[in-house]
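Read the structure below first, then the notes.
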Amino acid sequence: MEEERVLVPLRSHEDLSHHWLQQVLRNALHTNLKFKSWKTNTKEDITGFASDISFITVSYITHTHREIEETRSLVVKFMPENTEAANFLRDGNLALREVEFYKYAASEEFKLFCHKSGMQNLIPELYWAGIDGDRVTVVLEDLCHRKYKTLIPSEGISLSQVKIILSAIATVHAAGFHSINRYGSHQLDMPWNTAFLQKSVEVGLGRLTGIYSDTPLAGTFKAFFPHLENLLHSDHCHSFLRTLIHGDLWTGNIMFSTDEKSVSIIDWQFAHFGNPVCDIIILLILSSSPSVYEDHLMEVLECYWESFKESLMKNGGAAAELTYTLQDLMRNVEDLWFFGFMFLCAAFPDLLDFNKMSETRLKSIITFLDKRGAFTRPLLSVGPYCITKTEPQELPPLKSDKEISRRWLEAMLGRKTGTPVLVESWSVRLPEGREGFLSEIAFVEVEFVKQEVSQKDYSGKDEESTQEMESDEPYGNVRGCGGGDGGGEEENTRKVGCEEKLRDEEERNSLELECEEPSGSGGKMKVGKKKSYHEEEDMVGKFEQVKDKSNRQGKIKRQKFTEEDGTRKEKCRLVFKFLPHDPNLKKFLDNGDLAEREVEFYKFVSSNEFRDIGVDVPVPEVYYASYTKDAITLILRDLNQDDYGSVIIRDGSSLDHTKTALRAVAAVHAAGYLYLQCHGIQSNLATLAREFKTEFYEEFFLPNLNTLVEMYKGTSLSEIFKALLPLTPEIRATSCQKPFFETIIHGDLWAGQLLYSHDQQSASVIDWQFCHLDNPVIDIMSMFFMSTDPRVLEDHLPEILEDYWRTLCRILKAGGGNTTKIDKVWKMGVKDHEKSRNMKNNRVKPEDVGLEQLAANVEKMWIYGFMFLTVSLHDFLNGDNISRDRLDGAMTFLEKRGVFRRFLEKFGGRKTKDSILNGTGNSLSMEILEMEKPVLLQVGASVVGSFGSSLPLDFDRLGCACFDRL
């Protein structure tokens, strides 16, 4: 337009003229209006920090069908007359940024984007903006005439106000992201350098040092001064989506509507393309009440992220191109707290002096940042420093993967490794669907650097050249097979966090870090590459080689590698387990104390007392285990990195899979017995020794038993299942009625709770929610009926039991167990066992039993295996984990052994027994029942063949007494 070119920016409000204002209105309103009058109101107390401002009211007449007089309220911004402020604008190129932003915001594209997003008056209406050297003029709508106002309470704004602002800025961020993705460039995509803030930061940092002069933080703040040039660029070190951001988002640059339900964002001198988290951090630290980010951080971040995604989706589906997640946003917030601290240093002196921030709020901010580790990590990244040691703090469990933070990871890994840790990056991968039935699961990969100290290591002992150090973590390593729960397909992951590096080995060795003194004696730990379970020696053979138990305590090996700059990095892949979100599952866990049992199991097998027995158990390596009433967190090594994985076959596990599984659980059974022999039931075993109530099984058993009634309708099995319905308590009590020696058992052993090595010759047992002290045959029954192919049981039962028993005995001998009577026949009767079951010195012992007693106990507990299968039936069918052939095979196997008949004869009464025997199909014939004794004799013959005459067998006792001979 011809007329538009004659407009030039003005130096100050003194250059305003009738002609200039008339031309501005004509260009903005696109009409040949007649300018009548104008008046200005310039006051010193409303001068903007980075601009001189005039408020103007203009009157004009528009020529349409009739002449109409209108008025407009305008704000005109100029380059400040104050030399210091003007230089500040020049150094950051801030005036040009604001002019370019308002021109962009006035474009039809931006207005349409905001309209589709449901945002009105998000940016003040632009009338004109121009810059020519030191002359800058921006003419905007004065929002005061719409009753908009700024709110700057000294104690900070509320949660609802923060959420309104974040919803608004999310739309601006989404618009910038959409624009640069569409066009590949933007007029505001120009270099951004925060060096111009250094002087302001120095002033604020010096003032903070004075405020905290009598505290250890004063030394921390002083340590920042030599590194400010590098630290001011901390926002560039963190990878996240790149978009248009405000750069100075605090309440002084935000105007609220009268109902406080909408906002307009002003003063865009700091506008640039960068990380949108910078705007979020600045708003939270400079403007919000501390309770907002202390108690509601997750809520405000979810509010922002939903607004961001919604704006994209309403404007052409750009959300489909969004590869970042809410978890990425949360991790970036954790990474950028120090950036917020730098901005706080630059701003708080003026905020305090003008009563826009109270000193109480300032101190709350510093305390919050200190707790988040915002001061420690940046200093580690630039050089040596000294922080006074503080008292150790508890590390509480987390409620979900959303609460994982850098600070928390560093504290956890510091305890685990026994040395201060700097987490450089971490990524979180969530499985598709519910991978853990009773847990929420997240797969986390962490890269970190251990900060080693030359004089003393983390535990205060001299560091040896072998890099051995004392472990202070409450839950030490479980040797033999470190692992983590679950497998699952790989999903897209992203590495987040800044690539912070220490400069050289000499500097690192001079660091003295805030740390936590170790509790307990701990154990030696070697740092090195973790050897996968399947690469190690055979488990049983390994047990036999154990001579010096003192050298086996707590040693762990971890992958490490050295960067070109000498920084020693380590990487670990972990599995995090949390309480389920489903309230029904939470109730189920509470009813059986299942979450508490799993945590206590992992703590128990990681304890020094357990490790003293010198037996490796094939369970995941424990990094952390803790619970409260409302939260549980288990952190375990992820076995996927060692080529371990689950093997669930619809038709049932093979012979090799079954034997491998039972060998693995035999190690736990043997280790549990050895511990009880040495220590009895102490406090760290009290939870597992607590009575395991199985009443909650009825919630699944009864409806699933009715399902079996319908599935086998028209056969005698249907009538049998009906007869079993009122006998659930008797089925559950089978374990006590059929005694064997007592030890720690898994309680829910099936293929879904096993991770097999690549060669499938070893396995790690996971998911220990059902663990307790009981009959180890329960685990055998569980594996048989929830996983094993029934044909394998038909053909190889003696071989399987012999393999389990051989493993158990060898581990007992290798672990120093009393085996003088291990070949003797079990002589304790049922009644004597039940009488003395809970007496510490009168427990049934494995050395008092033999393989024939194991076989007899198995035969008497088939009904318990049927209960396991029935309880799991619904989930197995829905998850396609069992075929109909396998189900039929299991029922046929039980039928042939007379399991149902014997149980009903004993507990169901003569009437029930007769009705079933005379029912349709008459499948339980005496001819089939007579097959029982030869089957057991076959087991006995196998035993003699393997162990010779050292295991005397009384076939009449085994064949008759054990079966209550029919």
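The values are calculated or read from the model by the stated rules, or taken from the named source; none is laboratory data. Fair warning: this is a prediction, and the values are worked out from it, not measured in the lab. With ideal geometry, Cβ positions are generated from the backbone for all residues, glycine too; neighbour counts draw on all protein chains shown. Remember, those area values only see protein heavy atoms, side chains included, never the ligands or the DNA or RNA. Shrake-Rupley method; radii C 1.70, N 1.55, O 1.52, S 1.80 Å.
From Cα pairs below 8 angstrom and at least 6 apart in sequence, can you work out the relative contact order of the range 708-773, rounded to a whole percent?
Relative contact order, the range 708-773: 25 percent.
Where does the charge balance sit around Leu140 when Lys and Arg score +1, Asp and Glu -1, over other residues with C-beta under 13 Å from its C-beta? Please report the intermediate quantities before stating the final value.
Working: positive: Arg72, Lys77, Lys103, Arg146; negative: Glu98, Glu125, Glu141, Asp142, Asp267.
Charge balance in the 13 Å sphere: -1.
Using a ≥ b ≥ c from the Cα gyration tensor of the range 568-691 (square roots of the eigenvalues), is it rounded, prolate or oblate, where a/c under 1.5 gives rounded and otherwise the larger of a/b and b/c decides, a/b for prolate?
The shape class here is rounded.
Let me have the relative contact order for the range 626-765, percent, based on Cα pairs under 8 Å that are six or more residues apart.
46 percent.
Working with all protein chains in place, sort Tyr104, Tyr324 by solvent-accessible area computed with a 1.4 Å probe, largest first.
Final ranking, largest accessible area leading: Tyr324, Tyr104.
Rounded to whole Hz and in sequence order, give me ³J(HN,Hα) for the range 775-787 from the Karplus expression 6.51 cos²θ - 1.76 cosθ + 1.60, θ = phi - 60°, writing x for Gly and Pro.
6, x, 4, 4, 5, 5, 4, 4, 5, 4, 9, 9, 9
Using a 1.4 Å probe on the protein heavy atoms, what percent of the accessible area of the range 122-201 belongs to carbon and sulfur?
47 percent
Quick one: compute the contact order of the range 207-336, relative version, from alpha carbon pairs under 8 angstrom and 6+ residues apart, as a percent.
Contact order relative to length: 25 percent.
Ranked highest first by the average count of other Cβ atoms within 10 Å around their residues, in what order do 697-708, 160-171 fall?
Highest to lowest by the protection proxy: 160-171, 697-708.
For the range 572-587, in order, what is each residue's ³J(HN,Hα) by Karplus, 6.51 cos²θ - 1.76 cosθ + 1.60 with θ = phi - 60°, in whole Hz (x at glycine and Pro)?
Karplus values, whole Hz, x for Gly and Pro: 9, 10, 10, 10, 9, 10, 10, 4, x, 6, 5, x, 5, 5, 4, 5.
Counting only other residues whose beta carbon sits under 13 Å from that of Phe78, what net charge do I get with K and R as +1, D and E as -1?
Working: positive: Arg11, Lys77, Arg135; negative: Glu14, Asp15, Asp52, Glu81, Glu98, Asp132, Asp134.
Cβ neighbours under 13 Å give a net charge of -4.
Taking a probe of 1.4 Å, how large is the accessible area per residue of the range 175-255, in Å²?
42 Å²
Beta carbons within 10 angstrom, averaged per residue: use that to sort the peptides 120-132, 272-284, highest first.
272-284, 120-132
Separation between the Lys629 and Ala686 pseudo-spin-labels, each 7 Å from Cα along Cα→Cβ, expressed in nm?
1.9 nm
Please state the shape class of the range 113-186: rounded when a/c is under 1.5, otherwise prolate if a/b exceeds b/c and oblate if not, all from the C-alpha gyration tensor.
oblate
Of Leu808, Leu112, Leu430, which has the most accessible area with a 1.4 Å probe, and how do the rest follow in descending order?
From most exposed to least exposed: Leu112, Leu430, Leu808.
Can you run phi through the Karplus equation (6.51, -1.76, 1.60; θ = phi - 60°) for the range 147-154 and list ³J(HN,Hα) in whole Hz, with x for Gly and Pro?
6, 6, 8, 8, 10, 10, x, 5
Classify the range 209-275 from the C-alpha gyration tensor, please: rounded if a/c falls under 1.5, else prolate or oblate depending on whether a/b exceeds b/c.
Details: a/c = 3.29, a/b = 1.58, b/c = 2.09.
Oblate, since a/c reaches 1.5 and b/c is not below a/b.
For Glu229 paired with Thr62, estimate the spin-label separation in nm (one decimal), with each label point 7 Å from Cα along the Cα-to-Cβ line.
5.7 nm
What net charge is computed for the residues neighbouring Leu301, neighbours being all others with C-beta under 12 Å from the C-beta of Leu301, Lys and Arg scored +1, Asp and Glu -1?
So the surrounding residues net to -3.
Check which residues have an amide H placed less than 5 Å from Glu424's amide H, if you skip close sequence neighbours.
Glu447, Phe448, Val449
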